[in-house]
1. Within segment 125-143, work out how many residues are of a type in the set (A, V, I, L, M) and either assigned to a loop (DSSP other than H, G, I, E, B) or over 27 Å from the mean Cα position of the chain (by Cα) (or both).
2. Taking only segment 144-170 into account, find how many residues are in contact with a strand residue (DSSP E or B) (Cβ under 7 Å, 6 or more places away or on another chain) and outside any strand (DSSP E or B).
3. Based on this model, can you work out whether G158 counts as of a type outside the set (S, T, Y), modelled with pLDDT under 95 and buried (at least 16 other Cβ atoms within 10 Å of the Cβ)?
4. Quick one: which residue in V190, V142, V152, V147 is in contact with a helix residue (DSSP H, G or I) (Cβ under 8 Å, 6 or more places away or on another chain), modelled with pLDDT under 95 and assigned by TED's automatic domain parsing to the domain that holds P90?
5. In segment 168-189, which residue that is in contact (Cβ under 8 Å) with a residue 40 or more places away in the chain and within 18 Å of E211 (Cβ to Cβ) is farthest from the chain's Cα centre (by Cα)?
6. Do the conditions hold for A151, that is, is it under 30 Å from L121 (Cα atoms), small (G, A, S) and crowded, with 21+ Cβ neighbours inside 10 Å?
7. Give the residues of segment 50-68 that are part of a loop (DSSP other than H, G, I, E, B) and closer than 13 Å to N208 by Cα, sorted by residue number.
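The values are calculated or read from the model by the stated rules, or taken from the named source; none is laboratory data. Here the structure is a predicted model, which is why all the values come from computation and not from measurement. Backbone-built Cβ (ideal geometry, glycine too); neighbour counts: all protein chains shown.
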Amino acid sequence: MNNSVRSTARLLGAGLRALLVLTALCGVLYPLAVTGVAQGLFHHRANGSEVTDGDGRVVGSALIGQRYDLPPGKGEKTPEPDLRWFQPRPSHGLGTNTANTRYALTVSGATNRSGDSAELLRWVEEAKAAVIEDNSTPGHPVRPADVPPDAVTSSASGLDPHISPAYARLQVHRVAQRNGLSVEEVGKLVHAHTDGRILGFMGEPRVNVLELNIALRELQKPIGED
């Protein structure tokens, strides 16, 4: 009997010591080490890849897309896009927020339907028609063949911060007209904010919409304004 009690006590003691050691290693030392390395070597990324405007204000993250919409009108469920700005990829919702109706949660999703899905075809056709209508300007109509795939489909997360250079160039005439700028000025902005493939061969060329719109806002400022 005594041997059984002593054996149980030894096992409990060993288990407790293991718990304390593993808690210190995995719950304290390891997180501190990882946090230290992240802050020391990847400070900007570890803190959310924040993007600031010309006034030094944090306006978003380089990793998360955001929309540029007009204030919703009376009775409107979906606000209209603010066509003064470059627009991101579509962000199809996964559905209404039923988890907590006290808050308006941002719900996103991808256009990941089968190729013969009637719903997907309707989404694409409606999106293409809207892109053509929004971006056609006097003397510069947009043809259906001009609309790139990323203009009518969302990314896997629905929050892609980038668009293709083709979609950015498609919007140049509209953005220039809406802001009283020259097409050449706006086109230079797109070219300056086009990133190439990672390491020269991975991925595709891309344009960060948030950073591009920040540059557009700075271009609109009168000379000498802070």
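1. 1
2. 7
3. yes
4. Exactly one residue qualifies, and that residue is V152.
5. Once the filter is applied, the top-ranked residue is N179.
6. Against the criterion (under 30 Å from L121 (Cα atoms), small (G, A, S) and crowded, with 21+ Cβ neighbours inside 10 Å), A151 qualifies.
7. A62, L63, I64, G65, Q66, R67
One line per residue, one yes/no per condition, for (1) on the phi < 0 side of the Ramachandran plot; (2) surrounded by fewer than 11 Cβ atoms within 10 Å (Cβ to Cβ); (3) part of a loop (DSSP other than H, G, I, E, B):
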site: S4; (1), (2), (3): yes, yes, no
site: T8; (1), (2), (3): yes, yes, no
site: L11; (1), (2), (3): yes, yes, no
site: R17; (1), (2), (3): yes, yes, no
site: L20; (1), (2), (3): yes, yes, no
site: Y30; (1), (2), (3): yes, no, no
site: G36; (1), (2), (3): yes, yes, no
site: Q39; (1), (2), (3): yes, no, no
site: G48; (1), (2), (3): no, no, yes
